[in-house]
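Below is one structure, written out as structure tokens; comments come after it.
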Amino acid sequence: MPESVPKGRAGRRIAIPLMRWGVAFAVGWGVPTPGLAQTPPPRDLTQFTLEDLMNVEVVSVSKKEQTLAKTGAAIFVITQEDIRRSGATNIPDLLRMVPGVDVARIDHSTWAVSIRGFNGAYANKVLVLIDGRSVYHPAYSGVLWYAQDVPLEDLERIEVIRGPGGTVWGANAVNGVINIITKNAQETPGGLIVAGGGSDAQGEGLVQYGGHIGQSGDYRVYGRYSNLGKSDAASAAQPADSKRVQEGGFRTDWNLSPRDLLTVQGEIRLVDGGQTVTGVIAQAVPDLGTFGQPVADDAGNLLARWTDKNLNGSEISLQASFDQSHASASVGDDWSSIGDLDFQNHLSAGRRNDVVWGLSYRVNANRFGGNDVVTLNPLRRTDPLYGAFVQDEIILTKTLTLTLGSKFEHNDYTGFEVEPSAQLVWAPSAHSSIWLSAAQAIRQPSNIDEGLLAVSSVVALPQGLIGLVTLSGNPSTKVERLRDFETGYRAQINRRLSLDVTGFLSFYQNLQTIEPLAPYFTSGGGFPHYVIPEIYEYKAHAQSYGAEAFATWNVSDRWKISPSLTMLNLSVLRDASSQDPTVAQVAGYSPRRSFQVRSFVNLGRGFEWDQTLGYTGPLATGNIPGYLRLDLRFGWRLGEFFDLSIAAQNLLQPRHAEFPDSDFIDHMQDQRSFFGKVTWRF
Amino acid sequence: MARTLSLILLLGNALQLRAQAPAFDEYQVKAAFLYNFAKFVEWPAGTFPNSMDPIGICIVGLNPFGSTLENMVQGKKVGDRAFAVHRFPDTLQAGQCQILFIGASEWRRTRALLEAVKSPGVLTVGETDDFTALGGIVGFRLDGARVRIQVNLQAAEHARLKISSKLLSLAEIAKKQP
């Protein structure tokens, strides 16, 4: 790009002393010719005319650092550029870039995603929201990641908050919140067609169209199909983990009046996948076996959100959502209807107080399809969850802000729970801040914790007898509790480099354990056998400390590097009264160290070359070795309408394991894969 | 071998380093705009009790300029008036300010800050996307690598400020959301 030379300077040959910085530049040697200007323009911007100022190219630091300048929590924002240039085709792969988040692929249909430890196929310590709607599945007490397939092209951003303190949202934000936000319909006008294909029989097609409705509304409608074949046979005896998604949805956004916004959105999604399961086979005499099992989720949801900004500066929002799904997973089938109503009011109380408070009501109506191996008691259950929160951000001085808040929840298992939090932020300038936080959070119990009845294993005993190991829920459920202390530093160090560092110390109590009860002999079921019963108790505690750091370095105008580092020291110990031998393994499901470097290069003329190199440490449980992973993407933006890309994942090895068998699901190895994609906007 | 490959690939990116085209920092340019606004805006009669009173530029909340703004306006005058730069935690003392800047870090209380500016003759300037929609008079916006200005004429009239047509011709005119 030719450097802009301010008008009025042409032909001058005077060296002009500039600014307080004492830098002198000589200007205009000869007649400056656009495109050949070799000399830097004068640096005294006060000499520039208005037109000049509007033509100057600026190096802008990301607004993220400023909008986060007063945030007293560890937050990472995945932007649209991060999403587009990652080469990822699903949300868990996108989450790999966030320090503090453990992402492990169990098979093509199944992911283990957690924050700061406690990972597993049904990891239950993270709240995952899509546009404010919780996708935590109450019956499985976890997130079915295979069922969350929002088109990545429609994502505005993903905010990941590690730790419990920074949240005002609902239940289960114990180790953090993953908040997936889709674009407003105003931002997706026109047509969009995406087609992609790759190895492992991977294919994808998206057709979307958006436009105006009347004077004040915008809409978009989409349909999408995606397919992924099974892992290859070298991974395991019987891969069964193909996955197919058919989905369609819409979003409408209305400016009802200059003060009122209304969003209505909905989608229907049919997911068919599979897993290889090693578990108890329900038959006359139960036995263990390994078999392919379909997993599926047929779901639909509808959400409406109304925001009103009224004249005295306060803002009200009301959100209602309804979620209906029929899921089948490794532990059984479930029909679920979830209704949620959320009210929030944001107002300024006095000069120095910024208050947000809200009420929420959520009702889960569940019907579990029990069988002889896994069932819930009762099979049908309707659980209301009442919540309220209040948070006050108090400006103590120009640079010091204190935020105090608490969540209050009432559930049908343990009654009333309180989760207070406090954050202190010192921001000496808009470019750097230091924060401290302390918070308490709980994991809301679910029907599995109280009502599970399952045959979890079959053991061979002497004299040809068998023993059935059973696992039951505990009617006296307790809540798992976290007390968490964190600190962080966030700075725009210079115009090319920004840094964000967080340290945390967390104490967990009442973690769930499996305790043995006295075995007994029975002839029930038509055959004599022993029963070795086990029951859920809450007799473990844990302590974890660690740090997460990430930086953004604009090495040049065309090259950006984003490194990140995660350190986690988690020790999970059983209480004196516990006899659960598996407690020692829980900490081993997350790596102690991982780091990642992402590199983005603009080669010019619309060509892009993006790389991600990451190291994930070994998992002590299941003997999963650490692995180094390289993903590459080559992209070409042809004008405003076309975007082509080829991406490769896992280039360094043909395959590697990321997670051991979990919750009866046999793990597959994640393979080297290639994917090409064409995006056409019109 | 694979590790060597990955290192080579990453180092290969270093070939993309080029001689830097000098560019300005976003806040240097915004500071220059604030200085220029004093030349292209007319304040209502009675704004300045004395002819030697300085033009007050106030930054509310966190300061994204560092010392750039103060350095830039030191010793400069518009007409006979010099500049004075102040910083405040809120907008109650807005009466001392002819130009009031609210940065992006105050995004959560921008509306409240604007509502609290009761005296006329205050040119409110901001940089969040909805600044003019919330009643701010001038909003900065980045269009690629260039700084653009949005002006809310109704808010300017309400503050009894006259913005010269020269400035208006370069700005995007925005409508207020009441």
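The values are calculated or read from the model by the stated rules, or taken from the named source; none is laboratory data. Small disclaimer: the values here were computed from a predicted structure and weren't measured. Cβ: placed from backbone, ideal geometry, glycine included. Neighbour counts: every protein chain shown. The accessibility values were calculated without ligands, DNA or RNA, using every heavy atom of the protein model including side chains. Shrake-Rupley method; radii C 1.70, N 1.55, O 1.52, S 1.80 Å.
Values as computed for the structure displayed
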{"item": "Overall form of the range B:35-174 per C-alpha gyration tensor (a/c, 1.5; a/b vs b/c)", "result": "rounded"}
{"item": "Top positive-direction residue, dipole computed over the range A:397-461 with Cβ charges, set A:416, A:448, A:403", "result": "A:403"}
{"item": "Cα-centre dipole for chain A with unit charges at Cβ (Lys and Arg positive, Asp and Glu negative), debye to 20", "result": "2560 debye"}
{"item": "Partners for residue A:560 among aspartates and glutamates (Cα-Cα distance below 13 Å; same-chain residues under 8 apart left out)", "result": "A:81, A:82, A:608, A:610"}
{"item": "Shielding of B:81-90 by partner chains, average beta-carbon count, 10 Å", "result": "2"}
{"item": "Low-density loop cleavage sites - trypsin sites (Lys or Arg not before Pro) in the range A:249-346, where at most 14 other Cβ are within 10 Å (DSSP)", "result": "A:259"}
{"item": "Sequence of B:141, A:629 when ordered by accessible area, the most exposed leading, probe 1.4 angstrom", "result": "B:141, A:629"}
{"item": "Cα gyration tensor category, rounded, prolate or oblate, for the protein assembly as shown with a/c compared to 1.5", "result": "prolate"}
{"item": "Under 19 Å from the Cα of residue A:478 - aspartates and glutamates, other chains or at least 8 residues apart", "result": "A:383, A:409, A:412, A:417, A:419, A:449, A:450, A:515, A:534, A:537, A:575, A:580"}
{"item": "Net charge contributed by nearby residues that have their C-beta within less than 12 Å of residue B:36 (K/R +1, D/E -1)", "result": "+2"}
{"item": "Computed accessible area, residue A:507, all protein chains, 1.4 angstrom probe, square angstrom", "result": "80 Å²"}
{"item": "When each of B:76/B:118; B:39/B:77; B:77/B:162; B:39/B:162; A:309/B:162; B:30/B:166 is checked by Cα-Cα distance, pairs over 21 Å", "result": "B:76/B:118; A:309/B:162"}
{"item": "Accessible area in the full protein assembly, largest first, 1.4 Å probe, for A:159, A:515", "result": "A:159, A:515"}
{"item": "Chains B and A, summed buried accessible surface - 1.4 Å probe, Å², nearest 100", "result": "6000 Å²"}
{"item": "Ellipticity estimate at 222 nm from DSSP helix runs (n ≥ 4, -39,500 (n - 2.57)) divided over the protein assembly as shown, nearest 500", "result": "-2500 deg cm²/dmol"}
{"item": "1.4 Å probe accessible area per residue over the protein assembly as shown, in Å²", "result": "41 Å²"}
